[in-house]
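Remarks on the structure that follows.
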Number of protein chains: 2
Amino acid sequence: MKKIELYDTTLRDGSQTEGISYSVADKIKIARKLDELGVAYIEGGFPGSNPKDRMFFEEFKKHPLKNAALTAFGATRKAGVAAKDDPVFAAILHSGVRVATIFGKSWDLHVRDVLRVSLEENLEIIRDSVKYLVAEGLELIYDAEHFFDAYKHNRDYAMATLLAAQDCGARLLCLCDTNGGTLTSQLVAVIADVQKNVKLPLGIHVHNDLGLAVANSIAAVEAGCVQVQGTINGYGERCGNADLIPIVGILKLKMGLDCVTDEQLKELTEVSHFVSEISNMKQADNQPFVGKSAFAHKAGVHINAVYKNPKSYEHIEPERVGNVRRILVSELAGKTPILTKAEELKLQLKKDSPDTKRVVKLLQDLEHEGYQFEAADASFEILVKRALKQYKKFFELEGFRVIVEKRQKGTITSEATIKLKVGGVQEHTSSDGDGPVNALDNALRKALKGFYPVVSKMHLSDFKVRVLDAKDGTAAKVRVLIQSQDERDSWTTVGVSENIIEASWLALVDSIEYKLLKDGAVLPHE
Amino acid sequence: MKKIELYDTTLRDGSQTEGISYSVADKIKIARKLDELGVAYIEGGFPGSNPKDRMFFEEFKKHPLKNAALTAFGATRKAGVAAKDDPVFAAILHSGVRVATIFGKSWDLHVRDVLRVSLEENLEIIRDSVKYLVAEGLELIYDAEHFFDAYKHNRDYAMATLLAAQDCGARLLCLCDTNGGTLTSQLVAVIADVQKNVKLPLGIHVHNDLGLAVANSIAAVEAGCVQVQGTINGYGERCGNADLIPIVGILKLKMGLDCVTDEQLKELTEVSHFVSEISNMKQADNQPFVGKSAFAHKAGVHINAVYKNPKSYEHIEPERVGNVRRILVSELAGKTPILTKAEELKLQLKKDSPDTKRVVKLLQDLEHEGYQFEAADASFEILVKRALKQYKKFFELEGFRVIVEKRQKGTITSEATIKLKVGGVQEHTSSDGDGPVNALDNALRKALKGFYPVVSKMHLSDFKVRVLDAKDGTAAKVRVLIQSQDERDSWTTVGVSENIIEASWLALVDSIEYKLLKDGAVLPHE
C-alpha cells in the first residue's frame, strides 16, 4: 500500500490565524497530540525568530517525540550574507532537529518586488542555503513558495528554482499554492509538467482562498505527490491552509492509502476537538468527518432512511473516525462512545445494566447542555462515580456570594463568601481575589483546608473559557475548563452555565473532589 | 461568454442545517436578497409539506421576484397513487411557480430499502411524475438523488432513471452527490459517461462530507454542467451543501464565466453576511472571498510584502467581491501596521509627530498588557481618538457593583448596579442578567438609553474570552472580545484585566462609545 507523508504546520502556519496565539505550553501539547495521531512531520516554528519558539524546541531535546520528526522552518539565507553566517540557520542547527524546511522564492515578481535581488542571485541563494544545511547533516525539505503563480508567470524560472534545490541535495520538493488562488485542474496540469522535469519526490502545500484546499491536496496525491502539508482544522492566515482532518479521512477511507493506522484514525475526531480547544477556536459543527453535525440527521425523510439503512445518508460509518451518528429530532445519540470512555478510565459500566443506562442518559443530557468531556476526563470520572454513588460528597454547599465593585478612581475589588458544611460542621468564610473566580477559588480552599489539608497541595494550572452559542452575546452559555495539578498528576474538569461564575464553580468543585478521591480522603467524623 | 445558471437551495436544503430555523419572513427576506444577487433559480421549499412553505409561496403570487425563477421542490409521486391524485403535486401546481424541481431515486439500494418498490416501478414513477407536471405547463428540473453512489453500484440502472426523466420532458437533469462521499476525479469520470448517454443539459448538486463540495461543483462545470445548485455559506444537513459564495467568485474571477454581473459580484460579501445574520449563524471568519479574515495579513513578512505589492499575498483585489484588506496589528508588527491601520480608518496620524509617537507608545503598552487589536478595529479607533482628544467622553462612571449569589437549592442570581453621570446628570440604576456580564451590560444600557436612545438600536452578537498566562490559574489575565452590530455595521472591541468583569466592562464601554461616535451622538445639555 502506498504511503503518504502527513506534514503538519499547525504550529507555524496555523498560528498565523487571526485570533490564535499559542503559548509554549500550548504548542507542546499540540505537538504531543499530533505525534499520537501519527503524522510524519511536525513543523514546530521558526527557531530563529523569537524566544517562544526557541523554548519550544528545547523541550524536545529533553523529551523527544515518539514517532514524528520535528522540523524547523526558515527562509533561504539573506541576500549578501554567507549561509554559515545567517543567524536563522545557526538557530535551526542549534534547535536539535534532524529535518529543516526551507522556503525559497519561485515567483519572479517576488524576487524583484519583495526580495529585491536579481533572478540569478535568488537561484544562488537557494543553492547556497540547501547545500549548507545538507552538509550540516540535516534532511532538507524545500518549500517552493508561490510555485503555481510563479509557473503561470514564468514557467522556466519557476522550474529553475526547483532544479537548484534538487541539485544541491534537497530530499523533497514541496510545491506551494501560497495565495490559494489555483484551480484544481490548473494545479494538476502544473504538477504533471514538473514531474517531467525533476526527479525528486514532490509534496503539496496549499491555501484555501478558493475553498479548494482539500480538493487540491487530494488531486495532487492522485497526480503523484507523496507528502501533504496542512494544518489541523485548516487553521492558517486568511482563509487558512489545507485541513489535514478530512485529508486523512479521504486518504484512508476513500483512496486506501497508508498515512495513519486504523486505530489512529479513530482518534481523528478527538484530535480535531483537542486542537480547537487549545487554540480557543470554535469547532465548526459542519466540519467534514469530525464536526458535531457531520453525521447528524435532521430531515425526517433522512432519519427514516437511516433507520432502514445507515448507508442511505452516510458516506462512511462515523465510528471509523471516532465520531457518532446523531438523530436531531429525538436527540438519540449513540452510547458507545460513553462506554468506550468509561472503559478507558477503568470505570465499571456494564453494557445493558440499568445503572449504565442512567449514567449514559445523564452524560448525554450534559453534553446536550454544552458539556464536553473529551478534554475533561476528571469531570467525566467524578460524574460517573457520583451517579453510581461510589463516593459520599465531601461537603455540602449552603451558598456563596461574589461581589465585584469598582469606584471612579479606585481599583476594582473582588470578594467571595462561602457557606458550606463538612460532616455536619458548618464553615462560613470569605476571601478576596484577583477577579471573581479567583476570589471564589480562594474562599473554597480556605473553607476546606481545615477538614482536608491536601487541598493546599494542589493548584490550578490552566483556565480556559469558551463561549457557546456566541450569538446570544453576553447572555451566552460558557464552558469553563480548569486544569489542576499536584506533585504527581494533572487533571482537567469542566463546568457549563450561562453564568461564568457558576460554570467556574462547577469545574472548581469537580477538581477538588477529584483530588480528594484520588488521595483517598475521608469525611471527618466518620 | 458561456452562461452558468446559479440555483440556490438555501431555503430548502440550507434550512436542514442544525441550528437553522427560518420563519416565513426570514425566507422572504433571503429570497429577495438572492434575487438582487442575480441567481437564476431560488428553490423556495416544499409547498406540499407545511403551512409555512405555503405562506411563503403566496407572497410571491402577490409580489413576484424581479429576475430569479422561484421553484417548488418535491419528490416523485407516491407509489400506488396516480400523479394527478398526489397531494404534493397539487400543492406545487397551486403554489404559482413556473418551475418545479422533482427528485427521484437513482440508487437501487434506495429503491429497494427505502422506497421499497421494484426497480421497474421506480422508473414508472419517474416517468409519470415528469410527464404529469410538464403536461401541466411547468418547466421541470429533475434531481437525480444519490446519482454518483447509484452509478458506482449499478451504472445501467442509474442511467435508465435519467433517460426516464429525459424521455418524459424534463428540461435539465441535475446529478446529485447526496451523501457527499465522491472524489473529484470520480465525479468527473461519471459526468463524462453520462454526457455520452443523455442529450439534456446537466446540473450538479453536491454535499460537503469530504470538504470537496466547491471543488466538485467547479470540476463539474469544467466537465460541461451548466447549472450549479448550492446554498449561501454552504448551509445544509450534516457538513452542508456546496457554498455558492466561493463558487460565484471562482466562476466569475477565475474562469471568466457569466453568472452574475460585475456589480452584483461586489455584493457577494454583503449577501453572505446578510444571510448569516438572518440564519442566526456565526459567519466563518476564514470563509473564502467574503470572510473577515479572507484578506487579513498577520505575519510580518506578509505585511511587508503586501505593502510592496498586494498581489504578493492576495489572489484577487478584495474590492471585486466587496471585501476589504485588513492589516492585523499584532505585537510582532512594529509601528508601520499601526500607522497603516490608522490610515485605513481615516484617523489623522502623521508619521513623526509627537502625537503619533504617544499613540504608538500607548498601543504598544496595551499590547504588552495583553490587548490584541487585530480583531478589534473599533477599540483601536476609540483608543486613538481618545488619545488625540478627538471626542468628549459620553459619560463618567462613578462606580459599579456586581453581585452573584447562589443558595443551596435555589438558582443563581446576578445583579449589577451602576452609577454614572452624563453631562452633569447622575443616573443610578440596577439590572438583573443571565450571568454577571449580562447584568452589567443590561444595567449600562438602561442607564444610558434615556440620554442616548441609539444604544437600543445595537446588540451584542459575539463574546469571546481568552485566558492569558493560563499558568496563573483563576488569577490569570483575561482578554474579552465583544462583537456588536446594528442594522448596518458590525464592530469588535476588546478589554483586558485580571478581572473578567472589568475586562468585559472595558470592551462594553468601547462598543457603546463606538456606536455613539459612529452615529454622531452629542452629549445632552451641550
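Every number in this text was worked out from the coordinates using simple rules, so none of it is lab data. All figures in this text were calculated on a predicted structure; none of them were measured in a lab. Note that each Cβ is placed from the backbone with ideal geometry, even for glycine, and that neighbours are counted across all protein chains shown.
Points to keep in mind about this one:
- Estimated purely from DSSP H runs of n ≥ 4, each contributing -39500 (n - 2.57), the mean residue ellipticity at 222 nm for chain B is -11500 deg cm²/dmol once divided by its residues.
- Cross-link partners of A:K311 among aspartates and glutamates (Cα-Cα below 16 Å; sequence separation of 8 or more within a chain): A:E319, B:D108, B:D113, B:E145, B:D149, B:D177, B:D209, B:E237
- Region A:5-279 - share of DSSP beta bridges that are antiparallel (%, nearest 5): 5 percent
- Relative contact order (%) - criterion: Cα under 8 Å, at least six apart; region: chain B: 9 percent
- Förster-model FRET efficiency, 25 Å R0, B:R171 and B:K2, C-beta, rounded to 0.05: 0.85
- Taking Cα atoms only, the orientation of helix A:244-253 departs from the longest principal axis of chain A by about 80 degrees.
- Counting only Cα atoms, region A:250-326 measures 37, 31, 16 Å along its principal axes, largest extent leading.
- Three-way shape call for chain A based on the alpha-carbon gyration tensor, with the a/c threshold at 1.5: prolate
- Whole-angstrom gap from region B:354-424 to region A:90-115, using each part's C-alpha centre: 42 Å
- Each other copy places its own label point for B:H459 at 4.4 nm from this one, sorted shortest first, where the point lies 7 Å along the Cα-to-beta carbon line.
- Overall form of the protein assembly as shown per C-alpha gyration tensor (a/c, 1.5; a/b vs b/c): rounded
- Among A:L506, B:L448, a tally of other beta-carbon atoms within 10 Å of each Cβ gives an order, fewest to most, of A:L506, B:L448.
- Global geometry of region A:412-456, whether rounded, prolate or oblate, following the gyration tensor of its Cα atoms and the 1.5 cut on a/c: oblate
- Placing +1 on the Cβ of every Lys and Arg and -1 on the Cβ of every Asp and Glu, with nothing else charged, gives region A:407-448 a dipole about its Cα centre of roughly 100 debye.
- Chain B: antiparallel DSSP beta bridges as a percent of all, rounded to 5: 50 percent
- Summary for B:K152: label point 7 Å along Cα→Cβ; distances to the equivalent points in the other copies, ascending, 3.2 nm.
- Region A:5-279 - percent relative contact order, Cα under 8 Å, separation 6 or more: 20 percent
- Exam field: B:K361 pseudo-label spacings to other copies (7 Å along Cα-Cβ), nanometres: 6.7
- Residue order, fewest to most surrounding Cβ atoms within 10 angstrom, among B:D262, A:D209: B:D262, A:D209
- Between B:D489 and B:K389, full extension at 0.36 nm per residue minus the direct alpha carbon distance yields a gain of 33.6 nm.
- Annotation: the antiparallel percentage among DSSP beta bridges lying fully within the protein assembly as shown is about 50.
- Candidate lysines - alpha carbon under 21 Å from B:K27, same-chain residues fewer than 8 apart omitted: A:K298, A:K471, B:K52, B:K61, B:K62, B:K66, B:K282
- Cα→Cβ-extended label distance, 7 Å offset, between B:V117 and B:V454, nm: 6.2 nm
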